[in-house]
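Asks: Take this structure first; my questions come after.
The values are calculated or read from the model by the stated rules, or taken from the named source; none is laboratory data. Bear in mind the structure is a predicted one, so any value in this text is a computation, not a measurement. Every residue, glycine as well, gets a Cβ built from its backbone with ideal geometry; the counts of neighbours run over all protein chains shown. Only protein heavy atoms, including side chains, enter the accessible area calculation; ligands, DNA and RNA are left aside. Shrake-Rupley method; radii C 1.70, N 1.55, O 1.52, S 1.80 Å.
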Protein chains: 2
Amino acid sequence: MSDRLGRQLAFLAEADRLKSVLRANTLCDASRRENSGEHSWHVALYALVLADQARPEVRIDRVLQMLLIHDLVEIDCGDTPIHGSHDAVSVAEAESAAADRLFGLLPEDQARTLRALWDEFEEGVSPDAIFARSIDRVQPVMQNLESGGGTWRDFNVSSDQLDARVGVKIARGAPRLWDHVRALTRRYFDAPAG
Amino acid sequence: MSDRLGRQLAFLAEADRLKSVLRANTLCDASRRENSGEHSWHVALYALVLADQARPEVRIDRVLQMLLIHDLVEIDCGDTPIHGSHDAVSVAEAESAAADRLFGLLPEDQARTLRALWDEFEEGVSPDAIFARSIDRVQPVMQNLESGGGTWRDFNVSSDQLDARVGVKIARGAPRLWDHVRALTRRYFDAPAG
Ligand SMILES: [Ca+2]
């Protein structure tokens, strides 16, 4: 029992390091870059509030759990900006090794359960994972809109590139949400540069 | 529909401000103070991992939802450090007004649902709320242990004060967890000051 608790608390202390992993996008007020710990909270809140955008078979409680753990591997690997260039295969390998290490801190039964949940998110095939991934993609779009361009300016992203790289993935799990947000992004990209 | 989504997204953009509310305690590595957004993520992860510490009637999915929203009122009121001095009645009044404003940004049905969940957490009477409050109390204890004293040093807290102010509340929802953590805090307080 005590060893079980010891392992759980060691995992939770290690998880604290996610608060020091910086993402490409900023807070809505552009005051600083967002970290992956607070991002994980924000996307979980997104999923809770936007649950009515999910297909009927989606179980929001599982989506919340996925989103709480989806970025933990960044403790070892850092964040991979969607508009940056990277080698998808080597990123996936490094993240898999990070998942081995991090979930391996837990008692075996929980390591198995949470690793399977993380794998499900990564595979992006189940209805829960598809919705979770749509939510994970839409939050930085809203951060960029609120902060006046954010990573779209930094990486010189066009409206068409956004549609192709991000919009398609949001629309997969939450088509009406993307319709709504796309109208907002079109308005941003159509406006004269400020 | 579009107005509904507009209200939901306005609420989620406003929630972003919780990432700029600083708490009294630091990250585990003591590099900086923790903010209430990343704290909310961390306690939700605590609840998920430590679910086996809860009484059988506790529904962890509701606990996660409570913990995701429990600190939102701090956007208007700031964090109230447990070891600081404050007027509990005026804090409760200000937080209630903040809950009116913040949850009031949402569509009416969701405003009602999430406000009721926040009220349930604040009242701390239901089994779910009692467990959620235990988790919310134990995380800063672990942050202080990891960072070498943290707010116990800042506020000159003794082991007995910690037991009375915090331990009793952790033990209410998670008695075995507090047994384990109390052994760790005793060891910290018994060690010669570093
Ligand atoms: Ca709290």
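Asks: Search the structure for amide H atoms under 5 Å from the amide H of A:Asn25, placed 1.01 Å from N in the peptide plane, and list their residues when 5 or more places away or on another chain.
Replies: Counting only residues 5 or more places away or on other chains, the set is A:Glu34.
Asks: Could you look at the stretch B:2-190 and say what percent of its accessible area is carbon and sulfur, using a 1.4 Å probe and all protein chains?
Replies: Roughly 49 percent of what the probe reaches on the stretch B:2-190 is carbon or sulfur.
Asks: Around A:Asp3, under 15 Å between beta carbons, what's the net of Lys plus Arg minus Asp minus Glu among the other residues?
Replies: Its environment carries a net charge of -1.
Asks: Run the reach check for A:Lys169 against aspartates and glutamates, Cα to Cα strictly under 17 Å, same-chain hits fewer than 8 apart removed. What comes back?
Replies: Filter leaves A:Glu120, A:Glu122, A:Glu123, A:Asp128, A:Asp136, A:Asp160, A:Asp179.
Asks: What lysines sit close enough to B:Lys19 to cross-link, taking a C-alpha to C-alpha distance under 21 Å and skipping anything fewer than 8 places away on the same chain?
Replies: The qualifying lysines are A:Lys19.
Asks: What are the ³J(HN,Hα) couplings of the stretch A:166-181, residue after residue, when phi is run through the Karplus curve with 6.51, -1.76, 1.60 and θ = phi - 60°? Round to Hz, x for glycine and proline.
Replies: Rounded to whole hertz, the list is 10, x, 4, 6, 5, 5, 4, x, 8, x, 5, 4, 5, 3, 5, 6.
Asks: Just counting partner chain Cβ atoms within 10 Å, what average do the residues of peptide A:47-58 show around their Cβ?
Replies: Partner-chain Cβ atoms within 10 Å, mean over residues of A:47-58: 3.
Asks: Only Cα pairs under 8 Å and at least 6 apart count here; give the relative contact order of the stretch A:2-190 as a rounded whole percent.
Replies: Across the stretch A:2-190, relative contact order equals 26 percent.
Asks: Under the definition of Cα pairs under 8 Å and six or more residues apart, what whole-number percent is the relative contact order of the stretch A:81-165?
Replies: 25
Asks: Residue farthest toward the positive end of the dipole of the stretch A:2-190, with Cβ of Lys/Arg at +1 and Asp/Glu at -1: which of A:Leu184, A:Leu72, A:Ile130?
Replies: A:Leu184
Asks: Continuing with the same structure: Taking the Cα centre of the protein assembly as shown as origin, work out the dipole magnitude from +1 charges on Lys and Arg Cβ and -1 charges on Asp and Glu Cβ, in debye rounded to 20.
Replies: Dipole size: approximately 40 debye.
Asks: Related question: Per residue, how much accessible surface does the stretch A:129-194 expose to a 1.4 Å probe? Answer in Å², no decimals.
Replies: 47
Asks: In the stretch A:1-158, with Lys and Arg counted as +1 and Asp and Glu as -1 at Cβ, which of these residues, A:Ala13, A:Ser147, A:Leu48, has the Cα nearest the positive end of the dipole, that is, farthest along it?
Replies: A:Ser147
Asks: Would you mind giving the average projected area, over all directions, of the Cα convex hull of chain A in nm² with one decimal?
Replies: Over all viewing directions, chain A projects a mean Cα-hull area of 11.3 nm².
Asks: Then there is this: Using a 1.4 Å probe on protein heavy atoms only, how many Å² of accessible area do B and A hide from each other, summed over both chains and rounded to 100?
Replies: In total, this chain pair buries about 4200 Å².
Asks: Binning at 20 angstrom from zero up to the longest distance, how are the C-alpha pair distances of the protein assembly as shown distributed in percent?
Replies: Percent of pairs per bin, in order: 28, 59, 13, 0.
Asks: Continuing with this model, one more query. Expressed as an acute angle from 0 to 90° and rounded to the nearest 10, what is the orientation of the C-alpha long axis of helix B:88-103 relative to the principal long axis of chain B?
Replies: The angle comes out at about 40 degrees.
Asks: For chain A, with a Gaussian network of springs between Cα atoms less than 10 Å apart, report the residue from A:Gln110, A:Gln53, A:Gln139 with the top mean-square fluctuation.
Replies: Largest GNM mean-square fluctuation: A:Gln110.
Asks: Cut-off 10 angstrom, C-alpha nodes, Gaussian network model of chain B. Which of B:Leu18, B:Leu50, B:Leu102 fluctuates the most?
Replies: The residue with the greatest mean-square fluctuation here is B:Leu50.
Asks: When the helix-only estimate is applied to the protein assembly as shown (DSSP H runs of n ≥ 4, each -39,500 (n - 2.57), divided by the residue count), what is the mean residue ellipticity at 222 nm, nearest 500 deg cm²/dmol?
Replies: -20000 deg cm²/dmol
Asks: Could I ask something else about it? Quick one: 3J(HN,Hα) in Hz for the stretch B:121-137, Karplus 6.51/-1.76/1.60 with θ = phi - 60°, rounded, Gly and Pro as x.
Replies: Result, ordered by residue: 4, 4, 5, x, 10, 5, x, 4, 5, 4, 5, 4, 5, 4, 5, 4, 7 Hz.
Asks: Here is a follow-up. Taking A:Pro192 in one copy and the same position in all the others, each labelled 7 Å out along Cα→Cβ, what are the pairwise distances from the first, in nm, shortest first?
Replies: 7.2
Asks: Cut-off 10 angstrom, C-alpha nodes, Gaussian network model of chain A. Which of A:Val181, A:Val168, A:Val89 fluctuates the most?
Replies: Highest fluctuation among the options: A:Val89.
Asks: The stretch B:155-194: which residues show an accessible-area loss of 10 Å² or more, assembly versus chain alone, 1.4 Å probe?
Replies: Flagged in the stretch B:155-194: B:Arg176, B:Leu177, B:His180.
Asks: If you place +1 on the Cβ of every Lys and Arg and -1 on the Cβ of every Asp and Glu, how big does the dipole about the Cα centre of chain B come out, in debye to the nearest 20?
Replies: 500
Asks: If you take the beta carbon distance between B:Arg187 and B:Ala97 as r and set R0 to 56 Å, what does 1/(1 + (r/R0)^6) give as a FRET efficiency, to the nearest 0.05?
Replies: It comes to 0.85.
Asks: Show me, for the stretch B:3-19, the HN-Hα J-couplings you get by feeding each phi into the Karplus relation (A = 6.51, B = -1.76, C = 1.60, θ = phi - 60°), rounded to Hz, glycine and proline as x.
Replies: Values per residue, Gly and Pro as x: 5, 4, 4, x, 5, 4, 5, 5, 4, 5, 5, 5, 4, 3, 5, 5, 6 Hz.
Asks: Taking a point 7 Å out from Cα toward Cβ as the label site, list the nm distances between B:Val125 and the same residue in every other copy, smallest first.
Replies: Those separations, rounded to one decimal, come out as 4.9 nm.
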